[in-house]
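The values are calculated or read from the model by the stated rules, or taken from the named source; none is laboratory data. All of these numbers come straight from a predicted model, not from anything done at the bench. All Cβ positions, even for glycine, are placed from backbone atoms using ideal geometry, and neighbour counts span all protein chains on display.
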């Protein structure tokens with residue numbers, strides 16, 4: 001019996017756990033799931049004979065290391081900063097490791113040791129990053145194989161709420177890790193546009209949104225995401241004059257988030273004593289107060305909007321304009337905002353989310369210029385079986401099966417841009433309704 005060890009039973013783990021348990025019967029797998037929350041684990045494992053729950057802090061080496069030692073393959077859905085703890089143990093005990101997070105510099109430093117031991121560490125094996133890489137590389141390799149020269153590549157992805165459940169002024173609900181939502185875009189963005197390298201700092205990121213049309217949905221807005229140039233090299237598109245990866249949102253969201261950034265409410269560095277602050281005082285902490293005006297009016301003036309604007313309506317919806325005490329002790333503003341989002345923008349049981357991904361590619365072949373879009377829309381079932389959980393978890397689950405059944409024998413440190421990975425994974429994803437449609441322009 002092969003042993004699979006999964007760290008993390010949060011929002012993105014639901015479909016992955018279901019997939020692994022469904023395959024455990026046929027392939028004789030044993031799944032152990034580790035999380036701080038025992039009730040959460042049990043709610044996702046049900047009464048499966050093939051599953052074991054283990055509740056402890058991942059930083060506890062005495063409990064963590066024996067489980068890794070006994071595993072055949074380890075999956076980490078932990079917050080990105082904790083992957084390195086698991087990665088070092090996987091290296092020590094010679095275990096394969098899969099994650100859905102970006103390949104960070106700490107794990108990158110382990111590359112030579114991973115290769116030396118003949119292990120596979122696959123990072124970025126989720127949705128974005130993950131399905132975006134696989135679907136993009138399939139297109140790029142196909143175009144190049146036919147002699148096409150790609151000049152423009154843009155990739156967009158967003159986790160959104162389905163329009164019929166879009167019933168708040170933010171046009172957004174939390175379907176994935178709220179901590180990551182608060183810090184989204186914090187590193188700013190670097191990309192190439194019309195032959196020039198452009199850098200946008202975090203403070204300006206949500207002021208640089210642009211519209212995009214998605215088939216069947218209409219207009220969404222996007223903002224550039226992280227360092228696109230790194231993927232320009234990995235995709236072997238160095239000669240392209242435009243290369244960008246971006247995040248999709250409904251238009252009003254970006255305007256509201258720009259206000260939160262300007263007010264300093266996404267800061268994750270400085271701790272404050274929230275017992276001394278109301279939500280209104282916290283929101284206006286960096287705003288010069290004109291005592292002749294109400295605090296809310298001062299905030300509106302600082303943001304250069306009217307008190308009846310959509311932005312102020314969004315802030316009121318989050319409860320940021322009231323005098324209720326925060327009373328959470330020593331916290332960063334980002335932590336306070338996270339708790340606000342979890343409360344005010346939570347998905348209700350009947351709510352359905354959607355994942356939207358679209359690639360735009362322009363290329364030249366035989367002196368003819370061609371434009372194309374490839375897009376995917378996936379909808380969730382409810383607030384547990386979400387489209388986000390489906391698209392993050394299934395790619396990892398499928399690759400787990402391919403590795404343990406000997407169909408993928410890759411070793412080293414990778415992201416999923418190789419045909420031996422993306423072809424079988426994308427093929428099986430289609431069985432779950434995760435498929436792309438293409439249009440030529």
Could you check segment 188-228 and list, in sequence order, the residues that are surrounded by fewer than 14 Cβ atoms within 10 Å (Cβ to Cβ) and in contact (Cβ under 8 Å) with a residue 24 or more places away in the chain? 194, 195, 197, 203, 207, 211, 215, 216, 219
Got a sec? Which of 217, 248 is in contact with a strand residue (DSSP E or B) (Cβ under 6 Å, 6 or more places away or on another chain), under 30 Å from residue 438 (Cα atoms) and in the same structural domain as residue 163 (by TED's automatic domain parsing)? 248
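Here is a yes/no grid of residues against (1) at pLDDT 95 or above; (2) assigned by TED's automatic domain parsing to the domain that holds residue 174; (3) farther than 30 Å from residue 134 by Cβ:
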{"residue": "291", "(1), (2), (3)": "no, no, yes"}
{"residue": "297", "(1), (2), (3)": "no, no, yes"}
{"residue": "311", "(1), (2), (3)": "yes, no, yes"}
{"residue": "315", "(1), (2), (3)": "yes, no, yes"}
{"residue": "318", "(1), (2), (3)": "yes, no, yes"}
{"residue": "357", "(1), (2), (3)": "yes, yes, no"}
{"residue": "363", "(1), (2), (3)": "yes, yes, no"}
{"residue": "370", "(1), (2), (3)": "no, yes, no"}
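Does residue 107 satisfy the condition of being closer than 18 Å to residue 36 by Cβ and in contact with a helix residue (DSSP H, G or I) (Cβ under 6 Å, 6 or more places away or on another chain)? Walk me through how you get there before you give the answer.
Numbers: closer than 18 Å to residue 36 by Cβ: no; in contact with a helix residue (DSSP H, G or I) (Cβ under 6 Å, 6 or more places away or on another chain): yes.
In short, no.
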Starting from residues that are part of a helix (DSSP H, G or I) and modelled with pLDDT of 95 or more, keep the ones in segment 65-82 and report whichever is nearest to the chain's Cα centre (by Cα). 68
For segment 25-42, which residues satisfy the criterion of being without any contact (Cβ under 8 Å) to a residue 60 or more places away in the chain, farther than 24 Å from residue 101 by Cα, part of a helix (DSSP H, G or I) and out of contact with any strand residue (DSSP E or B) (no Cβ under 6 Å at 6 or more places or on another chain)? 25, 26, 39
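Being closer than 27 Å to residue 76 by Cβ, at pLDDT 95 or above, within 17 Å of the chain's Cα centre (by Cα) and outside any helix (DSSP H, G or I) narrows it down to one of 376, 388, so name that one.
Numbers: 388 fails: outside any helix (DSSP H, G or I).
Of the residues listed, the single one that is closer than 27 Å to residue 76 by Cβ, at pLDDT 95 or above, within 17 Å of the chain's Cα centre (by Cα) and outside any helix (DSSP H, G or I) is 376.
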Being in contact with a strand residue (DSSP E or B) (Cβ under 8 Å, 6 or more places away or on another chain) and assigned to a helix (DSSP H, G or I) is the filter; apply it to segment 393-441 and report the residue that is nearest to residue 26 (Cα to Cα). 404
